[in-house]
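The values are calculated or read from the model by the stated rules, or taken from the named source; none is laboratory data. Here the structure is a predicted model, which is why all the values come from computation and not from measurement. FYI the Cβ positions are ideal-geometry reconstructions off the backbone, even for glycines, and counts take in every protein chain you see.
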Amino acid sequence: MSNINGNDAKKILEVKDLTISFNTYAGKVQAVRGISFDLYQGETLAVVGESGSGKTVSTRSLIGLLANTAEIEKGSAIYTGGDEAVDLVPLTDKQWNAYRGKEIAMIFQDPFSSLNPIKRIGHQIAEIFTMQHKMSKYEAKARSIELMKRVGIPMAEKRFSQYPFHFSGGMRQRIVIAIALASDPKILICDEPTTALDVTIQAQVLSLISEMREEKNIATIFITHDLGVVAHVADRIAVMYAGRIVEYGTSHEIFYNPQHPYTWSLMSSMPDMDIEPGEELEAISGTPPNMLHPPDGDAFSERNPYALAYDFKEHPPMFKVSDTHHAATWLLHPNAPKVNRPASLERRINNALARQRANA
């Protein structure tokens, strides 16, 4: 799938056919089922979908933090940000020490659980500089305070010696970002980093991550179920459902020309100013499939009002919409009947395009 960032952008990660399952007492849960995507230097790839779609599991495998019950059955994740290309999938815990936190860092959803509650904030940042960059304690402290200021921590010199409970949720998230950035990673994975924050702090944290990405040319994977957040941060979007990527394209293509019925449903259920008086938000009926026994056909077919008979028999391949846009739906097959997007969604898209043209 094509690079949208120009010929000069380097491909830093190539994931192919990644398949992950969990061994449970009830049986094998098929969490990720053959996903493939590329990541380029300096871009933000958003991975969206409802809870249980496989977003976090797939990205945790890229930093070697899967649970002991997890099994990567097949696939590869070729990282090319170092001196030589390396497949991250077969790395041992010892080998991961050369990449985790150094080349690839992660910001987790809950900042409080990411921090050591009995260790001073400054020391948690400084140890990155002393252990990874081999700095003296004096230099590490100076760099830590500088980084705390950079991520918007007021009175950084004083707060260097405070503990996590002295900080608000938004400030703790800024500290977690500072820790992730202290190692100068090539890839930054953000696992719903703004979910627990109020709207004002959320905007500040998103702006900070964007500034750091542009300043250091970091490739970012942003995991979320909030399409409003995606619209502000993403260059490209991968829509996941039941362990598969069902649509993949640029942010503009996904928002203004969505092709998969699941993407239609996600967008239709999102609050929007274009909703007419008395019009209700559309809810996605039904529940996700049981991943102990996923269906043979399209996993979304049971909840899809536009499902074809063939959707219940065989999972669709990725159909090409453009060089940068692909979707796994039989509606794109040349022999499929013509199905239009929901009228309410079409109206939203047209209104958004009209506003875009007016502001151009």
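Of the listed requirements (1) part of a loop (DSSP other than H, G, I, E, B); (2) modelled with pLDDT of 95 or more; (3) of a type outside the set (S, T, N, Q), Ile245 misses just one: (1).
Among the residues in region 226-238, are any touching a Lys or Arg at 6+ places or on another chain (Cβ under 6 Å), more than 18 Å from Val15 (Cβ to Cβ), at pLDDT below 85 and not in a helix (DSSP H, G or I)? No - not one qualifying residue is present in region 226-238.
When Lys320 is tested against (1) over 20 Å from Glu346 (Cβ atoms); (2) surrounded by 15 or more Cβ atoms within 10 Å (Cβ to Cβ), just one condition goes unmet, and that condition is (2). Among residues of region 337-359 that are aromatic (Phe, Trp, Tyr), none has a Cβ under 7 angstrom from a residue that is surrounded by fewer than 12 Cβ atoms within 10 Å (Cβ to Cβ) at a sequence gap of 6+ or on a separate chain. Taking the conditions exactly as written (part of a strand (DSSP E or B) and either closer than 20 Å to Lys216 by Cβ or over 16 Å from the mean Cα position of the chain (by Cα) (or both)), does Glu73 satisfy them or not? For Glu73, the condition - part of a strand (DSSP E or B) and either closer than 20 Å to Lys216 by Cβ or over 16 Å from the mean Cα position of the chain (by Cα) (or both) - is met. Just checking, which of Ala9, Ala85 is out of contact with any His (no Cβ under 9 Å at 6 or more places or on another chain), free of Cβ contacts under 8 Å to residues at least 12 places away in the same chain and surrounded by fewer than 20 Cβ atoms within 10 Å (Cβ to Cβ)? That would be Ala85, the only listed residue that is out of contact with any His (no Cβ under 9 Å at 6 or more places or on another chain), free of Cβ contacts under 8 Å to residues at least 12 places away in the same chain and surrounded by fewer than 20 Cβ atoms within 10 Å (Cβ to Cβ).
In the set Val48, Val15, Val57, which member is among the aliphatic types (A, V, I, L, M), farther than 26 Å from His252 by Cβ and either surrounded by fewer than 20 Cβ atoms within 10 Å (Cβ to Cβ) or touching a residue at least 24 places away in the same chain (Cβ under 8 Å) (or both)?
Values: Val48 fails: farther than 26 Å from His252 by Cβ; Val15 fails: farther than 26 Å from His252 by Cβ.
When all the criteria are applied, what remains is Val57.
Output the residues belonging to region 152-165 that are more than 16 Å from Lys141 (Cβ to Cβ) and in contact (Cβ under 8 Å) with a residue 40 or more places away in the chain.
Step one: filter region 152-165 for residues more than 16 Å from Lys141 (Cβ to Cβ), giving 152, 154, 163-165.
Answer for region 152-165, where residues must be more than 16 Å from Lys141 (Cβ to Cβ) and in contact (Cβ under 8 Å) with a residue 40 or more places away in the chain: Gly152, Tyr163, Pro164, Phe165.
Hey, does region 246-253 have a residue that's in contact with a strand residue (DSSP E or B) (Cβ under 9 Å, 6 or more places away or on another chain) and either under 22 Å from Asp198 (Cβ atoms) or of a type in the set (A, V, I, L, M) (or both)?
yes
Test Gly64 against the criterion of being part of a strand (DSSP E or B) and among the small types (Gly, Ala, Ser), and give yes or no. Lay out the reasoning, then the answer.
Numbers: part of a strand (DSSP E or B): no; among the small types (Gly, Ala, Ser): yes.
Considered against the rule, which asks whether it is part of a strand (DSSP E or B) and among the small types (Gly, Ala, Ser), Gly64 comes out as no.
Just so you know, in region 165-197 the residues that are in a loop (DSSP other than H, G, I, E, B) and in contact with a Gly (Cβ under 8 Å, 6 or more places away or on another chain) include one that is surrounded by the fewest Cβ atoms within 10 Å (Cβ to Cβ), and it is Ala196.
Applying a threshold of 6 Å to beta carbon distances and a minimum spacing of six or more residues, or different chains, the list of pairs starting in region 23-42 at a residue that is farther than 22 Å from Tyr241 by Cβ and ending at one that is among the hydrophobic types (A, V, I, L, M, F, W, C) and surrounded by fewer than 19 Cβ atoms within 10 Å (Cβ to Cβ) reads Tyr40/Ala9; Gln41/Ala9.
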